[in-house]
Amino acid sequence: MARIAGVNVPTGKRVQVALTYIHGIGHTKAKEICSKVGIPQERRVNELTDEEVVRIREVIDDGYLVEGDLRREVAMNIKRLMDLGCYRGLRHRKGLPVRGQRTCTNARTRKGPARPIAGKKKAK
C-alpha cells in the first residue's frame with residue numbers, strides 16, 4: 001500500500017484510478033498529476049518506485065487542496081453561509097435541499113426518513 005496525502009491508495013489499480021481515492025482528486029486532476037510526474041497511463045501503483053511516490057506526494061502537497069484541508073474549507077464555507085443568515089445558509093441549517101430542488105416529494109436524502117403525522121389518513 002502506497003500512502004499519499006494520508007490515504008492508503010490501492011496497489012493493484014492504475015495510478016490514475018488509485019489517485020481518485022484521495023478526497024479532492026478526480027479523474028482530471030489525477031491525469032494532470034500523472035503527466036506532471038511523468039508516469040505513463042498504464043502503470044500500476046505496485047510498479048511505482050519510491051522516488052515516483054515521493055514526487056507524486058510533492059506535486060499534491062504543492063498544488064492541490066485535498067483531504068482534511070479541503071473538508072475544513074468546505075465546512076467553513078457552509079458555516080459562513082449559516083452565520084450570514086442568507087437563504088442558502090437557512091436551508092443548510094434546516095437540513096433542506098439548498099439548490100432549488102422540490103421538497104414536496106423527492107427530498108428524502110436531505111430530510112431523512114419520513115415521519116408519520118398523527119391523525120392523517122392515507123389517500124387512495
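The values are calculated or read from the model by the stated rules, or taken from the named source; none is laboratory data. On a predicted model such as this, the values are computed, not experimentally measured, just so you know. Using ideal geometry, Cβ is built from the backbone for each residue, glycine included, and neighbour counts are taken over all protein chains shown. Note: accessible area is taken over every heavy atom of the protein model, side chains too, but ligands, DNA and RNA are not part of it. Shrake-Rupley method; radii C 1.70, N 1.55, O 1.52, S 1.80 Å.
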(request) Confirm whether Gly26 is in contact with a Ser or Thr (Cβ under 8 Å, 6 or more places away or on another chain) and closer than 30 Å to Arg93 by Cβ. (result) yes
(message) Restricting to segment 38-63, count the residues that are open to solvent by less than 50 Å² (accessible area, probe 1.4 Å) and either in a strand (DSSP E or B) or among the aliphatic types (A, V, I, L, M) (or both).
(response) 7
(request) Select, from Val66, Val15, the only residue that is modelled with pLDDT under 95, surrounded by 15 or more Cβ atoms within 10 Å (Cβ to Cβ) and within 30 Å of Lys94 (Cα to Cα). (result) Val66
(message) Restricting to segment 64-79, name every residue that is in a helix (DSSP H, G or I) and without any contact (Cβ under 8 Å) to a residue 60 or more places away in the chain.
(response) Asp69, Leu70, Arg71, Arg72, Glu73, Val74, Ala75, Met76, Asn77, Ile78, Lys79
(request) Test Gly24 against the criterion of being within 18 Å of the chain's Cα centre (by Cα), part of a helix (DSSP H, G or I) and of a type outside the set (D, E, K, R), and give yes or no. (result) no
(message) Only one of Arg88, Arg93, Arg115, Arg71 is basic (Lys, Arg) and within 27 Å of Met1 (Cβ to Cβ). Can you tell me which?
(response) Arg71
(request) Report yes if Val98 is under 21 Å from the mean Cα position of the chain (by Cα) and surrounded by 10 or more Cβ atoms within 10 Å (Cβ to Cβ), otherwise no. (result) yes
(request) Scan segment 17-29 and report the pairs whose first residue is without any contact (Cβ under 8 Å) to a residue 12 or more places away in the chain and whose second residue is among the aromatic types (Phe, Trp, Tyr) and open to solvent by 40 Å² or more (accessible area, probe 1.4 Å), with Cβ atoms within less than 9 Å and a gap of 6+ or a chain change. (result) none
